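To start, the structure itself, in structure tokens.
No value in this document is a laboratory result; all are computed from the given coordinates. Keep in mind the model is a prediction, meaning the values are calculated, not measured. In this analysis, Cβ positions are derived from the backbone assuming ideal geometry, glycine residues included, and neighbour counts consider all displayed protein chains.
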């Protein structure tokens, strides 16, 4: 059975709401809701606390779901994570989806000064600790849902067995097909897709490379995943190859973006969360979300 949290077929994934004062972030979230997006996906890195941010956005909206993409397991112990999950789920029944992830070694050790453990083992033990945590506050009336940031086969299997599904990031539709095969038919699959409404190839790829520089080639989790899909050393040079840029970032006109989103759905995605680039100009960002809503929703 699919998770009860209703996400719709397309959501909005963005860092931009963190950069706005809370009242303005609520206004923008309400507009995304009015446009018809099924969910707002928010990160947790060096901005707002994931549970606080989700609560701000949920308070400012009426129907749209809010999902963490992702809340890092190194930001709080399993008991605190469980308490936050249960608390927000109880306050906003059926509207909160907890996305959990192991983050990345440079973030965990460089910024949090914690020890980065083996991803699969660490996540498996963390989920078990969450499930064993006592929680004696008011219980959610709708069963809370969680998904995992999963790329490799073993983490996808854990997403199938110990969560409601998976939220892969930085992936082409080919990965979505593999993920669906592993998850089976009854787990949520919600890949993130970066998109750029720009038809000039050089300009689009420049925007794409500026964002991808955060992830490639510096974060092994993403590099290793793309290697499994057939990308090699030549793709991860300086600059990144057009091949890898075009695989993970959809650019072009509205029809090109629509085709990429459809490709994920055809490959087995239930919900595709589109991250509009560049994400630093909120006026352009919202303009593009409006334009895409007309085509996708």
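Once the Cβ-Cβ distance between residue 115 and residue 45 is put in as r, and R0 is 22 Å, what FRET efficiency do you end up with, to the nearest 0.05? Intermediate results must be reported in sequence, preceding the final value.
On the way: r = 19 Å, r/R0 = 0.84.
Efficiency computed from Cβ-Cβ geometry: 0.75.
A Förster distance of 22 Å, applied to the separation of the beta-carbon atoms of residue 241 and residue 124, puts the FRET efficiency at 0.05.
Pairs of Cα atoms nearer than 8 Å and 6+ residues apart set the relative contact order; for the range 1-56 it is 43 percent. The Rg/Rh ratio for the range 29-80 is 1.02, where Rg is the radius of gyration of the alpha carbons and Rh is the Kirkwood radius. Scattering from the range 10-296 was approximated by placing one identical point on each alpha carbon and applying the Debye formula without solvent; log10 I(q)/I(0) at 0.09, 0.11, 0.12 1/Å stands at -0.40, -0.61, -0.73. Sequence-distant contacts, meaning Cα pairs under 8 Å at least 6 residues apart, place the relative contact order of the range 10-296 at 18 percent. Each listed q (0.11, 0.16, 0.21 Å⁻¹) maps to a log10 I(q)/I(0) for the range 113-251, found by the Debye formula over equal Cα scatterers with no solvent: -0.50, -0.91, -1.26. Computing FRET efficiency as 1/(1 + (r/R0)^6) for residue 142 and residue 20, where r is the C-beta to C-beta distance and R0 is 30 Å, gives about 0.55. Calculated translational diffusion coefficient of the range 153-229 (4 °C, 1.567 mPa s; Stokes-Einstein with Kirkwood radius over alpha-carbon pairs) equals 94 µm²/s. Rounded, prolate or oblate: which fits the range 237-297 when a ≥ b ≥ c are the square roots of the eigenvalues of the alpha-carbon gyration tensor, with rounded for a/c under 1.5 and prolate only if a/b beats b/c? Since a/c reaches 1.5 but b/c is at least a/b, the shape of the range 237-297 is classed as oblate. Values of log10 I(q)/I(0) for the range 2-104 across q = 0.14, 0.22, 0.24 Å⁻¹ run -0.47, -1.19, -1.40, by the Debye formula with one identical scatterer at each alpha carbon and no solvent.
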